[in-house]
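Just below is one structure, and these are the notes that go with it.
The values are calculated or read from the model by the stated rules, or taken from the named source; none is laboratory data. This one's a predicted model, so the numbers in the text were calculated from it and none came from an experiment. Reconstructed Cβ throughout: ideal geometry from the backbone, glycine too, with neighbour counts over all protein chains shown. These area figures cover heavy atoms from the full protein model, side chains too; ligands, DNA and RNA do not enter into them. Shrake-Rupley method; radii C 1.70, N 1.55, O 1.52, S 1.80 Å.
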Amino acid sequence: MGVLGGAPAAFAVSPKVPGNLKALAEASKLNSGKFNYGSPGSGTLLHVAAERLKSMSGLVMTHVPYKGSAPALQDLMGGNIEMSVDTLGSLLPHQQSGRLNIVGVATAKRLSLAPDIPTVAESAGLSQPFEAMLWNVVTAPRDTPPTVLRQLSEATQRVMSDPALISKLGSQAMFADLHVGQAAVAFVQAERAKWKPIIATLAQLAAG
């Protein structure tokens, strides 16, 4: 198994609402039932990430699931919802055009690609990092011969260490953060543990 990095989640708001997550949380409490956020769909990692943020920050918002990112962003920029969650790479061009404000990126530290954008923890006033990333993984069947696995691992490490590829991914707000073998297994297990409680809560709510 190899985890090949991925794209960090980010939260964006309409220019008509507060420009940081802490102030947005306070405003949402004062306007309970009136604030909505969009995601690319129910059960997606971005939806789950937003629900985790709600539980940690005190945001009071109703989830509006869309069929993909594009319609959610259109409604955000049109002022029909107050917040949307997407990947940083998808949101950056719209912030640069002034049509929305990115109020937090779900990484442990600010990114060199967008140093003026605060982390979610900074923006929401959280005491711990808030991280959420759409990651990519390469796997092989359980009975794959060790020699083939070694060749796959070596080839993956060779490709993912290519400076040109790293630069290209970085320009698209993506990480070339490689975990191979047991490191990949540990990463996946940690991700599962992080998201499982929120998924379980959402499943209970869906079941009524």
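Before moving on, here are some points about what is shown:
- Complete set of residues in region 90-110 that are within 23 Å of residue 167 (Cβ to Cβ) and surrounded by fewer than 17 Cβ atoms within 10 Å (Cβ to Cβ): 93, 96, 108, 109, 110
- When residues of region 59-78 are limited to those that are in contact (Cβ under 8 Å) with a residue 12 or more places away in the chain, out of contact with any Lys or Arg (no Cβ under 7 Å at 6 or more places or on another chain) and assigned to a loop (DSSP other than H, G, I, E, B), the one surrounded by the most Cβ atoms within 10 Å (Cβ to Cβ): 59
- Residues in region 111-140 that are crowded, with 20+ Cβ neighbours inside 10 Å and of a type outside the set (A, V, I, L, M, F, W, C) were compared, and the one that is nearest to residue 194 (Cα to Cα) is 119.
- Within region 150-208, the set of residues being modelled with pLDDT under 90, under 19 Å from the mean Cα position of the chain (by Cα) and open to solvent by 90 Å² or more (accessible area, probe 1.4 Å) is empty.
- Flag if residue 19 is open to solvent by 40 Å² or more (accessible area, probe 1.4 Å) and outside any strand (DSSP E or B): yes
- Residue check, residue 127 more than 21 Å from residue 55 (Cβ to Cβ) and either modelled with pLDDT of 90 or more or out of contact with any helix residue (DSSP H, G or I) (no Cβ under 6 Å at 6 or more places or on another chain) (or both): no
- In region 1-16, the residues that are of a type in the set (S, T, N, Q) reach residues that are open to solvent by less than 10 Å² (accessible area, probe 1.4 Å) with C-beta atoms within less than 7 angstrom, at least six apart or across chains, in these pairs: 14/76; 14/100.
- Sub-8 Å Cβ pairs linking a first residue in region 146-163 that is under 16 Å from residue 4 (Cα atoms) to a second residue that is open to solvent by 70 Å² or more (accessible area, probe 1.4 Å), at least 6 apart or interchain, are 160/166, ordered by first then second residue.
- Meets criteria (open to solvent by less than 10 Å² (accessible area, probe 1.4 Å) and within 16 Å of the chain's Cα centre (by Cα)) for residue 83: yes
- Scanning region 28-58 for residues that are under 18 Å from the mean Cα position of the chain (by Cα), open to solvent by less than 30 Å² (accessible area, probe 1.4 Å) and over 16 Å from residue 10 (Cβ atoms) yields a total of 1.
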